[in-house]
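Worksheet: the structure to be examined is printed underneath.
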Amino acid sequence: MARILVIDDDPQLLRMLGIMLERSGHERILVTSGREGVDHAVRNPPDLAVVDIMMPDMSGHDVVREIRANPATVDVPILILTARTQSVDREAALACGADDFVAKPVTPQELSDKITEMLDRPAKKARGRVITLLSLRGGVGVTTIATNLASALRLQLGPNITLVDLSPNSGHVALQLKIQPQRTWLRLLQQPDLNSDLVRSLLTNHSVGLNLLAAPVAPTMNASLTEGQVAAIASILSDGAEYVIIDAPPTLSAMCVGALRASDLVLLVLTPDVASVQTAAGTLHALVELGISGKRIHLLLNHPASQPGLSKQAVEHGLRRTVTFSVPFDAYQPRALAQGKPLALEDTVSPLPDAVRKIATALVKPI
Amino acid sequence: MKHPQAKNTITTDFVTVSYRISCRLAVPVGGLFALLIDPLNSYLELQDVYISRVNAPGTIVAHREQAALRKDSVLFCVLTRREDGDPPKGTGFFLRPVSRPALMTLPSFEIRGQVEAEGRATPRDILVQTSNRYVPIYDATATYALNPAISFEGQLMLVNRDQLEALFMPED
């Protein structure tokens, strides 16, 4: 017998589910509002939660996010039961953290079978952290930092590190790793339902054991994944991984927003010049508007040129925010780029890999 | 306020040029089709309305208990169950409707599915011979032209004829 929480504002459906669960021998808790459901779940975590999406006080997406955000309920299996039945709705539900999805109308038998199947599933494996590196100003070194950070994490933690290049205009992560990818995320464009086998089949392995989901090597018309697809990719790749590092595109496109929403941490990269600081200020404002919590955002001040530029204090003063990480200029970077070998993979001591290794160490511990 | 002859409540998606509107609404005996072609109402009264942008249709950007939707602005509506909106069929003896594959283009969308037409009706016949403002297309998939990864599927879609750009059907 399992303890099952059902959150749905339709009293008729609740009654039907209640009878069905009782006949199956389960203990059932039936609630008609999202807020009440979250409170119930946190007070006394159920063995499984069935959640509707379209509820008046709080959407099912928010219910799932709150349940997942609480340590007491982070592992509770969640089944979405909704009249929003399109494949994009499935993607969105899974991206929020739900485990499975059933479209209404559904027969009691179908639902009972799904619940039994979910209760029989083995406990979930731990998910890795998703970190997105972003700058809405090009040329500040996001790809260089992302590639070196993934390399440093690979050397510190082992092979479960995946790098995702979301550039829609010929991604340069592959170039920095001297990889010629045969498969890129372009193959996912016409795939409304992403599954683990499909996404993982597109990974290219670098010789040091880093996994890369590469961007199209040439600019392509309409090469854009949906927000839900990016969230699904992040969810799939973080399953069983230690870290997923995303090199986000320099525009607030659906792909970028999908990556930001799926991320545990956002590193906003900027350079010490007025234009970059201005862009960073605007980006911080936009991220708040998108509902990305400020606690998840950290500033990374990169120095890709030898000129000193603005001081760290001036940048912090301009943004009214602390710079968490700083990466100094490294004269060896042009050579590393030409050779296709990130500095963080070399044994040499130089400013960029030293700084990136420190960032990797700090990320492994909670910031 | 419910439609005076409302008998049933259904859940559906209305798609406009920029938004996906998921809602419940009360429909009369003839289903959603009857409500859409009702000449006495230019608006639909929606309940429990969830709004998403068409380019991110899985993400809910707003929710309202009630809304009024201008029928003119609807490109098409998506029904997962045919019986929630199927138009009444004629009882012709000699010319029974047959299903034929069709492609419809609308602003930002292309819809593939089956239309029911009598005999050897041409695309023009199908559009001209009906006075109804909504054209049913069955087992349909609507693909967003600006991002073909985004699509909607339904057993039935009711397409606003005023928004229809072209109807294509294969030669017999």
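The values are calculated or read from the model by the stated rules, or taken from the named source; none is laboratory data. It should be emphasised that the depicted structure is a prediction, and the values quoted were computed from it without experimental measurement. Note that each Cβ is placed from the backbone with ideal geometry, even for glycine, and that neighbours are counted across all protein chains shown. For accessibility, only protein heavy atoms count, side chains too; no ligands or nucleic acids. Shrake-Rupley method; radii C 1.70, N 1.55, O 1.52, S 1.80 Å.
Points worth noting:
- Residue identified as within 25 Å of B:G113 (Cα to Cα), hydroxyl-bearing (S, T, Y) and not assigned by TED's automatic domain parsing to the domain that holds B:V159 among B:T80, B:T59: B:T80
- Leading residue by the ranking (modelled with the lowest pLDDT) among those in the range A:224-236 that are over 11 Å from A:E91 (Cα atoms) and open to solvent by 10 Å² or more (accessible area, probe 1.4 Å): A:S224
- Condition met for A:T144 (more than 22 Å from A:L225 (Cβ to Cβ), surrounded by 16 or more Cβ atoms within 10 Å (Cβ to Cβ) and polar (S, T, N, Q)): yes
- Residue match in the range A:240-256 (condition: under 21 Å from A:L175 (Cβ atoms), among the small types (G, A, S), more than 14 Å from chain B (Cβ to nearest Cβ) and touching a residue at least 24 places away in the same chain (Cβ under 8 Å)): yes
- Any chance A:M255 is open to solvent by 50 Å² or more (accessible area, probe 1.4 Å) and assigned by TED's automatic domain parsing to the domain that holds A:P351: no
- Residue count for the range A:70-94, restricted to those that are buried (at least 16 other Cβ atoms within 10 Å of the Cβ) and more than 14 Å from chain B (Cβ to nearest Cβ): 5
- Which listed residue is within 27 Å of A:K341 (Cβ to Cβ), without any contact (Cβ under 8 Å) to a residue 40 or more places away in the chain, open to solvent by less than 10 Å² (accessible area, probe 1.4 Å) and under 18 Å from the mean Cα position of the chain (by Cα), from A:L213, A:L202: A:L202
- Unmet criterion (only one of (1) out of contact with any strand residue (DSSP E or B) (no Cβ under 7 Å at 6 or more places or on another chain); (2) surrounded by 12 or more Cβ atoms within 10 Å (Cβ to Cβ)) for B:T143: (1)
- Residues of the range A:258-274 satisfying the condition of being open to solvent by 40 Å² or more (accessible area, probe 1.4 Å) and farther than 21 Å from A:E227 by Cα: A:D273, A:V274
- Selected residue (only one of A:K104, A:K125 is away from every other protein chain (no Cβ under 14 Å) and at pLDDT below 90): A:K125
- Conditions (1) more than 20 Å from the chain's Cα centre (by Cα); (2) surrounded by fewer than 24 Cβ atoms within 10 Å (Cβ to Cβ); (3) at pLDDT 90 or above; number of the one not met by A:P181: (3)
- Residue match in the range B:151-167 (condition: within 14 Å of another protein chain (Cβ to nearest Cβ) and over 14 Å from the mean Cα position of the chain (by Cα)): yes
- Test: residue in the range A:95-113 that is buried (at least 24 other Cβ atoms within 10 Å of the Cβ), of a type in the set (V, I, T) and in contact (Cβ under 8 Å) with a residue 12 or more places away in the chain: no
- Elements of the type strands (runs of 3 or more DSSP E) sitting completely within the range B:44-128 and holding at least 1 residues that are free of Cβ contacts under 8 Å to residues at least 60 places away in the same chain, within 19 Å of the chain's Cα centre (by Cα) and surrounded by fewer than 20 Cβ atoms within 10 Å (Cβ to Cβ): these cover B:56-70, B:97-106, B:109-118.
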